Amino acid sequence: MKEKILEICKGIDDSIDFTSTELIDGGLVDSVTLVEIATELMDAFNIEIPYEEIIPANFNSIDAMAELVEKYV
């Protein structure tokens with residue numbers, strides 16, 4: 001799952017080092033990109049991520065995104 005999430009993220013912006021564990025905290029991903037990632041994850045995994053779950057902590061790393069996606073698949 002992490003590999004697919006990484007592939008999705010790189011498809012959105014391949015200039016970002018998505019292997020970082022501080023994607024949001026380190027300023028690598030902004031709010032617009034975060035929403036784009038959330039949308040792509042929902043489409044790719046055919047899930048619905050509740051609005052209240054679209055927060056920086058859930059998108060700060062590929063591991064955090066994988067945990068979030070696993071809750072809803």
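The values are calculated or read from the model by the stated rules, or taken from the named source; none is laboratory data. Only a predicted model underlies this, so the values are computations on that prediction, with no experimental measurement involved. All Cβ positions, even for glycine, are placed from backbone atoms using ideal geometry, and neighbour counts span all protein chains on display. These area figures cover heavy atoms from the full protein model, side chains too; ligands, DNA and RNA do not enter into them. Shrake-Rupley method; radii C 1.70, N 1.55, O 1.52, S 1.80 Å.
Laid out as a table, the results:
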{"quantity": "In the stretch 8-38, the residues that are assigned to a helix (DSSP H, G or I) and farther than 16 Å from Glu67 by Cα", "calculated": "Lys10, Gly11, Ile12, Ser31, Val32, Thr33, Val35, Glu36"}
{"quantity": "Residues that are assigned to a loop (DSSP other than H, G, I, E, B), open to solvent by 30 Å² or more (accessible area, probe 1.4 Å) and in contact (Cβ under 8 Å) with a residue 12 or more places away in the chain, drawn from the stretch 47-73", "calculated": "Glu48, Ile54, Val73"}
{"quantity": "Pick from the stretch 21-44, criterion among the charged types (D, E, K, R) and closer than 19 Å to Asp63 by Cβ, ranking: farthest from the chain's Cα centre (by Cα)", "calculated": "Asp25"}
{"quantity": "Unmet criterion (only one of (1) more than 11 Å from the chain's Cα centre (by Cα); (2) of a type outside the set (Ser, Thr, Tyr); (3) within 15 Å of Lys4 (Cβ to Cβ)) for Phe18", "calculated": "(1)"}
{"quantity": "Counted residues, the stretch 23-46 - those being crowded, with 18+ Cβ neighbours inside 10 Å and without any contact (Cβ under 8 Å) to a residue 24 or more places away in the chain", "calculated": "1"}
